[in-house]
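Here's the structure, in structure tokens; my notes come after.
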Amino acid sequence: MDYAILTGLVLVTGVVLALVAQWKGWRPSLLVVLAVGIGFRVLIMTTSALDSWQPVDFMESFKPAGEAILNRQDPVLGSEGGWHFLPTIPYVYGLLLWLGIPWEVGGRLVTVVADIVLIPLVGRLAGGPAASLRAFQYACNPLAILVASVHGQVEPVALVFGVAAFVVARGPGDPNRPGMTTDVVGLVRRSVAFRGLGGAVRHATGSAGVVRRALAPRPDDRRVLRRALLGGLLMGLALCAKSWPIWLIPGMLLLLPTVRARLAALVATAVAPIFFLVTLPIFAGTSLDQIPEVIKVIQDIRPIVGEWGYSAILVGGDWTLSPAIATFGTRLIYVTLLLTALLWRRADPVDLTTALLLAFMVVTPRLGAQYLLWFMPFLVARPTRFAWPAIIGVSLWAGYGYLYMTQFDTTTWWNLHSVWAQCSVVLLPILALAMPWERLVSRPAGTPGGPPPRTPVSTPA
């Protein structure tokens, strides 16, 4: 990398500004927040586009996917290097290439724009008086700048839709609405309490009417339902960018107050992925009999290990195709996330999501540096005691790979890589400590450990 020193200075400046903002309690305006975020990202995008070094997957996987769309080829099956997700992002790549924008700029433009939009969304996710501070801290986040502006990885695209789904699902007012609807259950309980069990049986017809009224749409229900549908559509678009946002779905659903709304959101989440899958024959020239093969490739978990954590120790820090380790790691992920969900089942849905994503990082056998961005908006929005040690730690680890290791020839790079990958185990306990242990149970807004107070929406008199 030709501009490693400049990039490093920008990243260090961002960390210092974020920490000083925390210390001083800065509350910058949205204009200032966006100016800082745009300035950092556009500067690094420009130097990265001019650099003689370009990420391998950026050139050999992402660009061919866009070119495949231009040539009416399936980006999953027909592009050189392969694209292992739905074709949504390749459509955008193809458009930018068709417009004649140089790939080194256009490929990063997608992720930089998404990451800029993500900045105010992090503030909205945080809510309360600290919203602008959290947005500013994300604007300065070194890992976000590296992933969006240097690597051009599409994590910011998935996150911008995923976080937007959270913001929409939560809606205005107090975020501490009950987790499960009590409309039907409450009415039935009151019926039994006041009339007795025998009376409830004798008035079965009346009770059925109560249930029907409880399930019938009301003005408030319609607003919630609209939020649910929009939130689900946004989450579906996140899944169109990459498959990992499936771990965001539980938190989004729990932000909705009724079972009806959750079911609507779940159905809406499937709309965009299905649309982009079934329209492959129209937009990408995929034959109908190839669609099952496309689905198989998208669902496939490639057994590449050795980049991160315990798998790096097991294989000496070298990329290895190991189905045994990958299978064990996948099962460990499922068990760990199930236990995490049980532990944080009564927590704020944002904290639940943070815990799930951090737990994933601790136990996964495979990881690219861009994966570490998954939890960043949620952890920045609702920081924990060890949030900043975790943020600085993963940024240093990723920065070493992006900025220092790229200064050397291939042989030296591989030698450095084995040490770098194995050193990632140092970060695992820090990430575990950064989980919201002090917020296993949701607390009322404004209390220590609870969500920030939010101003309720005013209603007409």
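The values are calculated or read from the model by the stated rules, or taken from the named source; none is laboratory data. Computed from a predicted model, the values in this text were never measured in an experiment. Don't worry about glycine lacking a Cβ; one is built from the backbone with ideal geometry, like all the others, and counts go over all protein chains shown. Heads up: the accessible areas ignore ligands, DNA and RNA and are worked out on the full protein's heavy atoms, side chains in. Shrake-Rupley method; radii C 1.70, N 1.55, O 1.52, S 1.80 Å.
Points worth noting:
- Cross-link partners for K242 among the lysines, with Cα-Cα distance under 25 Å and sequence neighbours closer than 8 places in the same chain left out: K63, K296.
- In this structure the amide hydrogen of D2, modeled in the peptide plane, comes within under 5 Å of the amide hydrogens of S52, W53, none closer than 5 places in sequence on its chain.
- Mean Cβ neighbour count within 10 Å, used as a protection proxy, ranking 387-396, 410-419 highest first: 387-396, 410-419
- Percent carbon-and-sulfur accessible area, segment 307-374, ignoring ligands, DNA and RNA, probe 1.4 Å: 70 percent
- Ellipsoid fit via the Cα gyration tensor, segment 29-100: semi-axes of 29, 15, 11 Å, each the root of five times an eigenvalue, largest first.
- Per residue convex hull volume, Cα atoms of segment 279-359, in Å³: 155 Å³
- Here the 3J(HN,Hα) profile of segment 37-47, calculated from phi with Karplus coefficients 6.51, -1.76 and 1.60 at θ = phi - 60°, is x, 5, x, 4, 6, 5, 4, 6, 4, 5, 5 Hz, Gly and Pro shown as x.
- Judged by the gyration tensor of its Cα atoms, with axes a ≥ b ≥ c, segment 74-162 is prolate; a/c meets the 1.5 cut and a/b is the larger of a/b and b/c.
- The string of couplings for segment 351-362 from the Karplus curve (6.51, -1.76, 1.60, θ = phi - 60°) is 5, 4, 5, 4, 5, 4, 5, 5, 4, 4, 5, 6 Hz, one whole number per residue in order, with x for Gly and Pro.
- Residues in segment 82-97 carry Karplus couplings, in order, of x, 10, 9, 9, 4, x, 4, 5, x, 4, 5, 4, x, 4, 5, 5 Hz; the curve used is 6.51 cos²θ - 1.76 cosθ + 1.60 with θ = phi - 60°, and Gly or Pro positions show x.
- Neighbour-limited loop hits for chymotrypsin sites (Phe, Trp or Tyr not before Pro), segment 24-55 (at most 14 other Cβ within 10 Å; DSSP other than H, G, I, E, B): W53
- Positive end of the dipole of segment 51-110 (Cβ unit charges, origin at the Cα centre): among W103, G82, L70, the Cα lying farthest that way belongs to L70.
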